Amino acid sequence: MGYVNPIDKIVKLVREKAHPDCKIILDACQSVPHMPVDVQSLGVDFVCASGHKMCGPTGIGFLWGREALLNDDEKMPPYQGGGEMIEDVGGGEMIEDVYLTHSTFARAPGKFEAGTPAIAQAVGLGAACNYLMDIGMDRIHEYELEIGQYLYKRMSEVDGITILGPLSDKKGDRTAIVAFVCDNVHPSDLSTFLDMEGVAIRAGHHCCQPLHRELGYSHSARASLYFYNTKEEVDSFIQALEETLQFFTMASGSDDDDDLFIEKDDDIFV
């Protein structure tokens, strides 16, 4: 939706209403790559993020947790065992001491890292973190606010679409994401035709079907920008979007839809 949730207010409400033993885990996959995040100030118990959304490799992410919780063997025992896990018998890092009747575990994060870790992915994620930090998360955030504002402004000028989320072009009210729906065009069809023009958007329910039901839509399209995108690319997207919507408008008025062909650069697409 392009909205930054007020985590401090949400956490305060949960702490007031939930059971005292309730733990809060924050999915920060959409925020960690785009803005400075101070996990200590969030007031949550766990924070998770994925590597591939922050310029890193797929198949890896990270979980931050409060140290007292992670090292509580009763409430958070290891979820699996594996090779190279015994410190005193074989040189592993997960288990501290092994007896015939029980075992004592190493302190976190070791006790959660049984077996051979995803070494290559971890190295790649570390390189991605360094890359983003070298650019500066404050700089990335500031630029994305600027280009996100431009994206929203340009999309507000396109006829036939409804923008979802905060309806404001004020800098800081939106992130560099715009979810939208089009009149008489399914998001999947739109994304397919834009892909033919070299423009990549996402179509679907974006892992939030209940929100779509609440808004009255089954799916939506989403344009997402990152620090490597430019205003010129936004303009190219808008041009392709307008041309694609114009095509579908013309196609919907055809009396012979079964025989409709699309001709593009000497290639024929049925």
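Just checking the listed ones, Y150, Y131, Y79: in the Gaussian network model of the chain with Cα springs under 10 Å, the one fluctuating most is Y79. Here P(r) over Cα pairs in 10 Å bins from 0, in percent was computed from the coordinates, and among [x] 6, 21, 27, 21, 14, 8, 3, 1; [y] 6, 22, 27, 18, 10, 6, 4, 3, 2, 1, 1, 0, 0; [z] 6, 23, 29, 23, 14, 5, 0, 0 the match is [x].
Note: relative contact order over region 128-184, using C-alpha pairs below 8 Å and six or more positions apart, is 37 percent.
One decimal place: the segment S218-R15 gains 69.8 nm when fully extended, by the rule 0.36 nm per residue minus the C-alpha distance. Under the criterion of Cα pairs below 8 Å and six or more residues apart, the relative contact order for the chain equals 15 percent. In plain terms, the chain from L100 to D27 could stretch by 22.3 nm, reckoned as 0.36 nm per residue minus the Cα-Cα distance. Rounded to the nearest 10 degrees, the inclination of helix 119-135 to the longest alpha-carbon principal axis of the chain is 60 degrees.
To test your reading of the geometry: what angle, between 0 and 90 degrees and rounded to tens, separates the Cα axis of helix 137-156 from the longest principal axis of the chain? With rounding to tens, the tilt is 30 degrees. Here the chain is treated with +1 on each Lys and Arg Cβ and -1 on each Asp and Glu Cβ, and its dipole about the Cα centre works out to around 1380 debye. Any idea what angle helix 231-252 forms with the longest principal axis of the chain, computed on alpha-carbon atoms, 0 to 90 degrees, nearest 10? Tilt of helix 231-252: around 60 degrees.
Can you give me the accessible area per residue for region 122-229, using a 1.4 Å probe, in Å²? Before the final figure, lay out the partial values.
Numbers: 5800 Å² over 108 residues.
Per residue, region 122-229 has 54 Å² of solvent-accessible surface.
For region 173-187, backbone nitrogen atoms closer than 16 Å to the point 7 Å from L167 Cα along Cα-to-C-beta are found at 174, 179-183.
The values are calculated or read from the model by the stated rules, or taken from the named source; none is laboratory data. Bear in mind the structure is a predicted one, so any value in this text is a computation, not a measurement. When we count neighbours, we look across all protein chains shown, and the Cβ atoms used for this are built from the backbone with ideal geometry, even at glycine. All accessible areas refer to the heavy atoms of the entire protein, side chains included, with ligands and DNA or RNA removed. Shrake-Rupley method; radii C 1.70, N 1.55, O 1.52, S 1.80 Å.
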